Amino acid sequence: APLICPLGCPEFPEVQPCPAHCAALRCPALRPGQAKLPWLTKLVRSLRAHQPLHPAPLSPARTLLLITITFPHAEQLLKLEHCAHALRGEPGVLWLVAEDAASPSPRVAEALRRSGIRHTHLAHGPTRARGNAQRDAALRHVREHNLSGIVYNMDDDNAYAPRVWNELRALGAGRVGVLAVRRAVYPPPRCDGHFLPLRRVERRKLRIDRPLYDNRTGRFTRFEAGWCRRGSWMSRKLGPRKFCVDMGGFAFDSSLLRSRVPSGPIWDFSGHGGESELIEKLLGPAAGPDALQVRRYRGLHSTRLSVLGK
């Protein structure tokens, strides 16, 4: 079927193929038979070219302790480069990169060195078990070395708007903060982040994982997330969750690791998930979603890029 010009240009009727100037506004398309890595490299560079500038950091700026789990695969270095670019120019960052490997690999070490970002390179495994053991190793490193700051799981298949870092820094002492995570949007934005006009009766559909609050009282009402949806496949197969929060949807003060989980495993979950279990440890078994500190700002928090998905 012919493409419809997304700009709705009057000189191009809708029955005609999309003209070149409209197609150029879109992200690079993966054509049938095309190798994934070169296409992914081109896409990431397109996204990077349009990344907005970092706002001035809050003063005094709290340290961000950002945990990234990685394992050997064809796109490993590209994804780490993607994370490094999201942090470039951001002060007060300690990037903890934990490899699913017996020892730190030289090529990852070189990529981290080239990034110019202050980092700690860890390795644990290999386990190939959803990165749970590696995440636990990184969290234990924070606790055992008494690192002070805001802990956030920076997965390498997410995209991050620069404004999110100041939102994390504004988290209160001894608190767990919760963010909204946009997982998908259709029709998608251009590579520069702007949305094209909708066509005819088209509607934009968003998939967002988030907590919902009563506008009048400010009290928590429910989580809007796939896992917490009544009768959802994940809930039926894996059981209910107390906190339906995505990995990129929460952050916490590192002091909670020492006060709430002073010894032993921190991330000892072996299946799918683990976010809810960690939050419950940090807040205590009696605390509910009302104990979460809402981090709000106008814009993108953490967007899952399906093209970067593992």
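The values are calculated or read from the model by the stated rules, or taken from the named source; none is laboratory data. As the structure is a prediction and not an experimental result, all values here were calculated from the model. Note that we place each Cβ from the backbone using ideal geometry, even for glycine, and neighbour counts take in every protein chain shown. Areas reflect the complete protein model, heavy atoms only, side chains present, ligands, DNA and RNA absent. Shrake-Rupley method; radii C 1.70, N 1.55, O 1.52, S 1.80 Å.
Would you mind checking LYS205/LYS242; LYS79/LYS205; LYS42/LYS79 for any pair whose Cα atoms are more than 20 angstrom apart? Pairs exceeding the cut-off: LYS205/LYS242; LYS79/LYS205.
Scanning residues 5 or more positions from THR120 or on other chains, those with amide H under 5 Å from its amide H are TRP95, LEU96, VAL97, with H placed 1.01 Å from N in the peptide plane. Summing Cβ point charges (Lys, Arg +1; Asp, Glu -1) relative to the Cα centre of the chain gives a dipole of roughly 640 debye. Phi angles across the range 205-218 convert, under the Karplus curve 6.51 cos²θ - 1.76 cosθ + 1.60 with θ = phi - 60°, into 3J(HN,Hα) values of 10, 10, 10, 10, 8, 6, x, 10, 10, 6, 5, 7, 9, x Hz, Gly and Pro given as x.
Within the accessible surface of the chain, defined with a 1.4 Å probe on protein heavy atoms only, the carbon and sulfur portion equals 55 percent. Hey, if you put +1 on the Cβ of every Lys and Arg and -1 on every Asp and Glu Cβ in the range 188-279, which of CYS228, LEU206, SER263 ends up farthest toward the positive end of that dipole? Checked the options; the winner is LEU206. Note on ARG219: accessible area is roughly 140 Å² with a 1.4 Å probe, heavy atoms of protein only.
In whole Å, how far is the Cα centre of the range 114-140 from that of the range 240-299? After rounding, the separation between the Cα centres reads 19 Å.
Just by accessible area at a 1.4 angstrom probe, what is the order of HIS54, HIS194 from largest to smallest?
Result, largest first: HIS194, HIS54.
Divide the volume of the convex hull around the Cα atoms of the range 168-225 by the residue count and you get 153 Å³ per residue. Note on the range 120-180: with charges restricted to the Cβ of Lys and Arg (+1) and Asp and Glu (-1), its dipole about the Cα centre is near 140 debye.
Labels on offer are (i) 27, 55, 18, 0; (ii) 31, 62, 7; (iii) 29, 57, 13, 0, and the one holding P(r) over Cα pairs in 20 Å bins from 0, in percent computed from this structure is (iii). Residue ranges 270-283, 180-193 sort as 270-283, 180-193 when ordered by packing (mean number of other C-beta atoms within 10 Å per residue, highest first).
Beta bridges per DSSP, both residues in the chain: antiparallel share near 50 percent. The solvent-accessible area of TRP95, taken with every protein chain present and a 1.4 Å probe, is close to 0 Å². The calculated FRET efficiency for the pair ALA287 and THR217, based on their C-beta separation and a Förster distance of 25 Å, comes to about 0.85.
Taking ALA286, ALA173, ALA56 as the candidate residues, the one with maximal mean-square fluctuation in a Gaussian network model of the chain, Cα springs under 10 Å, is ALA286.
Based on DSSP H segments of at least four residues, each scored -39500 (n - 2.57), the chain has a per-residue ellipticity at 222 nm of -7000 deg cm²/dmol.
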